[in-house]
Every structure is written in C-alpha cells, then in structure tokens.
Amino acid sequence: RFAGFAHTANDFEIQSANLALQKSTNEMVRGVATRATPVFTDAGVALERNRNEAGITAVPDEDFKKIADEAMTQLNSLSGPDFDRAYGTYQLRLLTAVVAQYGAYSQDTNNSAPLRRYAQTEFPKMKDALENVTRLTAGK
C-alpha cells in the first residue's frame, strides 16, 4: 500500500508543479513548483527501483488517489490568485499526509527493507517540500 501511496503522491506533485508553472505568475508559487519538480521526479525513480527490488506492485491508495484527482480537477479549473491559493492549500494538505506516511513507514521495521530505506532517504526531502509550502501559504 505504501508504494501505491508514494507513487500517487509523486505523480500529483509533478503534475501540480507543472500546472503551477503553466498557470501561475506568482513568484513564490513558481518557486515551490520549480523546487518540487526534480525532488519528486527523483523520488519516483527511486521508488520504482526500490519497489522492484522488494518485488512489490504499486497498488494505488484509493482514498489518497481520490483526493489527488479532485485536487487536480479543481486546479485545472482555476487561474490567477484563485489558482495560487488553491495550489497552496492542496499542497499543504497532501504533503502533510505524505510526511506522516513517510515518517511512519520509515520507522516500522516490519516493512519491506527496500521500501523502508526509500522512505528513510526521501523523508527529509518530503519535510523540506512541506516547509516550502508552509512558507508559501503563510505568505513568507
């Protein structure tokens, strides 16, 4: 389940960052999106490598996928300051869940070693992404 969750999160982050770079003129939003793209692209590559090593299929977490899909639908329909606000709100919501999942998965020794190692390696990067979004939504 973690692999599916992480796959959905990486896809959402890349897609929403690309959308932000297309739609937003806000420098802070564009900065968050620009920093997120390589982080989550690299995370996706590392996830696939570790998932394959573990012999696990990435079955989507349907609840998280539904939230991410709804967020993308909403973001696609917005522009200007409305897009910027929604982008920050969705990023904060989804990255909070990502940090919680990665943190928990990285600590549980009952989990697959390759995926636990992936979560441990990516966890600090996810926390940094959340901190960037927290500053964005606080207007700093």
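Residue farthest toward the positive end of the dipole of the chain, with Cβ of Lys/Arg at +1 and Asp/Glu at -1: which of ALA54, ALA129, ASN111?
ALA129
For labels at ALA138 and GLN15 in the simple 7 Å Cα→Cβ model, what's the distance in nm?
So the two model labels end up 3.0 nm from each other.
Any idea how many Lys pairs in the chain come in under 22 angstrom at the alpha carbon, given 8 or more places apart or on separate chains? If you can, show how the numbers build up before the last one.
Working: LYS23/LYS140; LYS65/LYS125; LYS65/LYS127; LYS125/LYS140; LYS127/LYS140.
Lysine pairs meeting the criterion: 5.
Based on DSSP H runs of at least 4 residues, each adding -39500 (n - 2.57), what is the mean residue ellipticity at 222 nm of the chain after dividing by all its residues, to the nearest 500 deg cm²/dmol?
Numbers: 5 runs with 120 residues, N = 140.
When only DSSP H runs of four or more count, the value is -30000 deg cm²/dmol.
Return one whole number: the accessible area per residue of the chain in Å², for a 1.4 Å probe. Don't skip to the answer; put the middle values down first.
Values: 7230 Å² over 140 residues.
Ligands and nucleic acids excluded, the result is 52 Å² per residue.
Give the label of the value calculated from the structure for volume of the Cα convex hull per residue in Å³, choosing from [x] 108; [y] 163; [z] 87.
Here volume of the Cα convex hull per residue in Å³ agrees with entry [z].
The values are calculated or read from the model by the stated rules, or taken from the named source; none is laboratory data. Since the structure is predicted, the reported quantities are computational estimates derived from the model, not experimental observations. Neighbour counts run over all protein chains shown; Cβ positions are idealised from the backbone, glycine included. Surface areas here come from the heavy atoms of the whole protein model, side chains and all, with no ligands, DNA or RNA. Shrake-Rupley method; radii C 1.70, N 1.55, O 1.52, S 1.80 Å.
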